[in-house]
Amino acid sequence: MDTKHSHEPPKLAIRFLEWYCNPEKLEEIEGDAYELFNLNLQEKGLSYARWKFIWHVITFFRWSNIRRRKPTYQSYTQAAMFKSYFKLGWRNLRNQKLTTFISVFGLSTAVACSLVAYLFTEQIWFKGVNQKNKNELYQIVYKVEQDEGIVTKGTIAEPAYELLNASSSKYQGLTRVWRGSNVLIHNNETYFPRTQFVDSDYMEMFSYDIQSGYSGALEDPTQVILSSEFAERLFGDSPAIGQEISLVIAEEEKFFKVAAVLEPLKDIEIFEFEVLARFDLIWSKNEDLILQDQWKKECWTFIQLKNESELANLKSTFDQIQSSQNRINLDQPYLEISTIPFTELVPMASKIDNGVIGFMGQGPIILLATIAGFILVLAIFNYVNISILMATKRLKEIGVRKVIGVSRFQLILQYLSENFLVCLGAIVFGCLIASAFFLPGFNSIAFKNLQLDLLGNWMVWAWLGALLLFLTIASGIYPAIYISSFKPITILKQKAAVGKKGWITQTLLTLQFTLAIIGIIGGLAFVQTNAQNAEREWGYDSENKIILNVPDPTKFQVLENQIQNNSKVISTAGSNSFIGNWINTNEMKVGDTEISTQFLLSDPDYLTEMGVELLTGQSLDELVPADHETSILVNETFVKESGLLYPIESIVEIDSVDHRIVGVVKDFHTIYFQSEVEPMVMKASNTKDFDHLTLSFSAGNDQEAMEEVRAIWREIFPKDLFTGQFQSQVFDGAINDARGVQNVLLVAAGLCIILAAMGLFGLVSLNLKARIKDYCVRKVYGAGTPGLAVGLVRRYLLLGSLSAVLGGGLAWYAVGGFLDSFFAFHSGVGLFPVGVSIALLFIVVLLTGAYQMIYLNKANPSVVLKSE
Amino acid sequence: MKRYHLGEFEELVLLTVGILDQEAYGVSVLEEIKAQTGRKVNISAVHTVLNRLEDKGLLTSKMGGATEERGGRRKRLFVLSSAGRLALEDVRNMRNKLFDQLPPFALDFSNGY
């Protein structure tokens, strides 16, 4: 048979064998397989031989024949390879300083932004994570049935503490916690610190760093612990330990000695306080209270247990507490008393009523994360674009390496390891930028104390590591795959067209521009809204008015008389709460419809004095007796929501008493423009309800008037906190908040435009340099510089226009939605921000073009073309 | 030195390599075993045993010449080392010693092997 030359073994089987077989054994194995194939071919024919060959290949697939790496040998060479990769990478970066700077700067700012966002999120999501005993602490809570179903309450009746204390169950520590609002007096100055009352176990259960003094300070009920910031505010540079202060507790001044000062509290701490004092003090008059009232008082109670199994032992005491409570207070019986582990307090925050962690604002987190994400994406796009073009200078290196047998995987690895260097640099610079600029700036805007604590916070390390990995892969993988995909032959024949068709580059650039436009529109729209709101009418006259707090309503009349005696004062009016503050809401009935409205109690002439405009009917009159009893004023929103067509003389039922509407006033803003105007009912009342006094003074020196009024006030209330303020300043807090967000957005918008500009600049200049010979040849043939520059910039102008349309459209909706979520009153995005941001973008493109034109103009064809 | 206990198939392969003298490689061993004993063995099993015996020092090997029917690939030629010869003698001595101790009637069963 002479078929042996014309017949070959099955190709697939050969390939499989060559793929798996250890190269050292391949030759003999393959040879034997071939020889057997030929023997079989001669003896039994082709199909048998082929089948047998496959069988042999399969039987050769044994552990001893399979290709394996020899670890020692290979890793040694790989270490050397990585060293050489890093060296090559470093040289490359040094050779292209400008573009490297652009990439690293962009990535660093992005890292800094996301670092701020992370630290902000961390102190909300990981509250209390640095407490040493966090796994042994539990909060005692109870469940109760309310209108909305079964609710878990974070507090528990205060006598539970006594019962637990008296019980035989074992525990490490037990403390009640109560956030007080007490006036602190030192050197005849009053302060309003955040006080927290706890039991003496507290300092052992929770860990705090002590700056001076000793942690057992609270064993003595006449001592307090201060935070270092507050101690500095009180005593300045002089030592705080041993100083005397007094706290006003239940209208009684009590004296304390400062026995310890804590290191500054971090934002991640679960409790925020400036003064720590003994719990016994606030409710020390317990014996005087009737039993029922004692059990109605509730506070947070924490217990520390060595291990979880001890929880079971508490059951009997819990039952005892529950039965006592349910015997004494019948109206809302406890369904169950249970414990929540300290570490679960944050995840369960939304499910616990009156918990330690109240409202978890997700808004700021989302806002910051979005901004950080925007900038991160921008920077990565920037980097991807630039590094693809940077690689054009290295194509020959890649081609040569491929020819001498480097696999594609190795090239990708090399590129990624270089990229790792760049990203590491970016992370380091990002940390520097964050701690030098972004964090201090953000802290001052958001009243936070965020710090980059690299020594004490392992979570930051983990996060930075993850970010580094993400950046390396996200920014490096596409360029790596792209540049390693070229065939050596095209590279070495210089036919490789990097970045020419580059639809990815163009898409990325368009997206980058789009993001930048959205960012700028967001920032500008916010600025615009703030400016408009600054001009917006509040609905009343806020000029030349001072609001005084009245700590004790029984002294209201005295205060009013004294104030009226002052020559600067024109008129006064008392009120419960005041316009510009939170006002009580109440349920009211109009016919059959029930509506919940704000309910303002005041002197009859309060609204008149405030300059609120009366639309129909008449104001309340001090001289008409009915106006003191059953007459009410309502605002427009009330009329709208109650559906009354003829509001005047209509009857409104308040607390089962019929009231008569005598007048309708124009809507005015009691809260800043972040919220809608709510329906409001105003009723005259007498001084027993008044906790604020508003006075008008003759125009002139505001501060002088305030000083005089303050002096009068101080005489009447020597031991209370003076919170008097100008009516024109009631919205300052909200305005500052809005301005803070505005500043954050402006910084973000600025970064967006800088990043986009730098990205474009890098891209255009790299492109220009790659094709400079082309341009110089054209110059020699008489092309003018402007024409060349137009050709260079035209593509970017086109992309810019595309992004303008995309970004403008997207921003119109996205930013509009964002404004909606922040302001109830705004006039939308508007054309101004859109116009300005698009104009900015085109200016950037044109400036880049202009710079390149200068470069091109300077380029001398005889020099550029001479080298060949 | 601890003696290495040869398996039955190992002994067979070792013997075959000895018989083939300078011409022992995978396929020739396979064919020789088939010719001498009629046993059908798998080529990869032969390879495994050859490699194992070499690892134990009972065989030595070198690359031989390429032939056309092997698709131009060389053979790995195995030769019995002195340790291999010693091991075979050991086995034979042991067999003979045990065989001689068989009671007489057992001899009836010995034909054919």
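The values are calculated or read from the model by the stated rules, or taken from the named source; none is laboratory data. Being a predicted model, the structure only gives us computed values, none of them experimental. Cβ sites come from the backbone with ideal geometry, for glycine too, and all protein chains shown count toward neighbours. In case anyone asks, the SASA skips ligands and DNA or RNA and just uses the protein heavy atoms, side chains included. Shrake-Rupley method; radii C 1.70, N 1.55, O 1.52, S 1.80 Å.
Computed over protein heavy atoms with a 1.4 Å probe, the carbon and sulfur contribution to the accessible area of region A:137-353 reaches 45%.
Within chain A, the whole DSSP H helices whose Cα atoms reach 18 Å or more along their own axis and whose mean Kyte-Doolittle score is at least 1.6 are A:362-390, A:458-483, A:831-858.
Solvent exposure of region A:11-65 amounts to 54 Å² per residue of accessible area, where only protein heavy atoms count and the probe is 1.4 Å. Remark: accessible surface ordering of A:319, A:267, A:655, A:720 (largest first) is A:655, A:319, A:720, A:267, probe radius 1.4 Å. Each of residue A:42 and residue A:204 was given a label point 7 Å from its Cα along the Cα-to-Cβ line. The distance between the two points is 9.6 nm. Helical runs assigned H by DSSP (4 residues or longer) give chain B a calculated mean residue ellipticity at 222 nm of -16500 deg cm²/dmol, each run adding -39500 (n - 2.57) before division by the residue total. Taking every C-alpha pair closer than 8 Å and separated by at least 6 residues, the mean separation divided by the residue count of chain A gives a relative contact order of 14 percent. Only one residue of B:60, B:71, B:43 has its Cα farthest out toward the positive end of the dipole of region B:8-101, where Lys and Arg carry +1 and Asp and Glu -1 on Cβ, and that residue is B:71. Applying 1/(1 + (r/R0)^6) with R0 = 41 Å to the Cβ-Cβ distance of residue A:843 and residue A:721 gives a FRET efficiency near 0.20. Here region A:731-868 was treated as a single set of alpha-carbon atoms; its pair distances binned every 10 Å from 0 give 10, 31, 24, 16, 11, 6, 2, 0 percent. Extension gain, residue A:229-residue A:83: 0.36 nm per intervening residue step, less the Cα-Cα distance, totals 47.6 nm. Calculated [222 nm] ellipticity per residue, helices only, for chain A: -16500 deg cm²/dmol; basis is -39500 (n - 2.57) per DSSP H run with n ≥ 4, divided by all residues, nearest 500.
The Cα-based radius of gyration and maximum Cα-Cα distance (Dmax) for region A:825-868 are 19.8, 68 Å.
Averaged over all directions, how much area does the convex hull of the C-alpha atoms of region A:150-235 cover when projected, in nm²?
8.0
Backbone N atoms of region A:805-819 closer than 19 Å to the 7 Å Cα→Cβ label point of residue A:531 belong to residues A:812, A:815-816, A:819. Contact order, relative form, for region A:27-139: 12 percent (alpha carbon pairs under 8 Å, 6 or more residues apart, mean separation divided by residue count).
Each 10 Å bin from zero holds the following percent of Cα-Cα pairs in region A:137-353: 8, 32, 33, 21, 6, 0. Each Lys and Arg contributes +1 and each Asp and Glu -1, all at the Cβ; summed about the Cα centre of chain A, the dipole is approximately 9400 debye. Of all DSSP-defined beta bridges confined to region A:545-729, some 75% are antiparallel rather than parallel. For residue B:94, the accessible surface of its heavy atoms amounts to roughly 80 Å² (probe 1.4 Å, protein chains only, rounded to the nearest 10). Sorting A:429-435, A:7-13, B:10-16, A:548-554 by their mean Cβ neighbour count within 10 Å, with the most densely packed peptide first, gives B:10-16, A:429-435, A:548-554, A:7-13. A Förster radius of 22 Å, combined with the Cβ-Cβ distance separating residue A:189 from residue A:214, puts the computed FRET efficiency at roughly 0.25. Considered as an equivalent ellipsoid built on the Cα gyration tensor, region B:1-50 has semi-axes of 19, 12, 10 Å, the largest given first. Comparing A:51, A:212, A:790 along the charge dipole axis of the protein assembly as shown, the residue lying farthest to the positive side is A:51, per the Cβ-charge model. Counting only Cβ charges, +1 for Lys and Arg and -1 for Asp and Glu, the dipole size of chain B around its Cα centre is about 380 debye. For residue A:43, the accessible area of its heavy atoms, probed at 1.4 Å with every protein chain present, is near 130 square angstrom.
I need the calculated FRET efficiency for the pair residue B:5 and residue B:40, taking r as the beta carbon distance and R₀ as 22 Å, to the nearest 0.05.
Using R0 = 22 Å, I get an efficiency of 0.30.
Which of the residue pairs A:396/A:769; A:493/A:773; A:127/A:170; A:779/A:866; A:448/A:719; A:568/A:683 have a Cα-Cα distance greater than 19 Å in the structure shown? Checking Cα-Cα distances, A:127/A:170; A:448/A:719; A:568/A:683 exceed 19 Å. Counting 0.36 nm for each residue step from residue A:582 to residue A:179 and taking away their Cα separation leaves a gain of 143.0 nm.
Within the same chain, aspartates and glutamates fewer than 8 places from residue A:254 are excluded, and of the rest, those with a Cα less than 12 Å from its Cα are A:244.
For region A:11-65, list log₁₀ I(q)/I(0) at each q in 0.15, 0.18, 0.30, 0.31 Å⁻¹, using the Debye formula over Cα point scatterers of equal strength and ignoring solvent, two decimals each. After summing over all Cα pairs, the log10 values are -0.38, -0.54, -1.22, -1.27. Each label was represented as a point 7 Å from its Cα along the Cα-to-Cβ direction; for residue A:712 and residue A:699 these points are 2.2 nm apart. The stretch between residue A:455 and residue A:59, if pulled fully straight at 0.36 nm per residue, gains 136.7 nm over its current Cα-Cα span. Values of log10 I(q)/I(0) for region B:8-101 across q = 0.12 Å⁻¹ run -0.39, by the Debye formula with one identical scatterer at each alpha carbon and no solvent. Ligands, DNA and RNA excluded, the heavy atoms of residue A:812 present near 120 Å² of accessible surface to a 1.4 Å solvent probe. Between residue A:250 and residue A:570, the simple spin-label model (points 7 angstrom out along Cα→Cβ) gives 4.6 nm.
Accessible-area rank, largest first, for A:126, A:409: A:409, A:126, with all protein chains present and a 1.4 angstrom probe. Projection of the Cα convex hull of chain A, averaged over all directions and equal to a quarter of that hull's surface, yields 57.5 nm². Selection among A:135, A:188, A:648 by position relative to the dipole of chain A gives A:135 as farthest towards the positive end (Cβ unit charges, Cα centre).
In this assembly, the B-A interface accounts for approximately 1900 Å² of buried accessible surface in total, computed with a 1.4 Å probe and without ligands, DNA or RNA. By the Cα gyration tensor, region A:545-729 has an equivalent ellipsoid whose semi-axes, rounded to whole angstrom, run 31, 16, 15 from largest to smallest.
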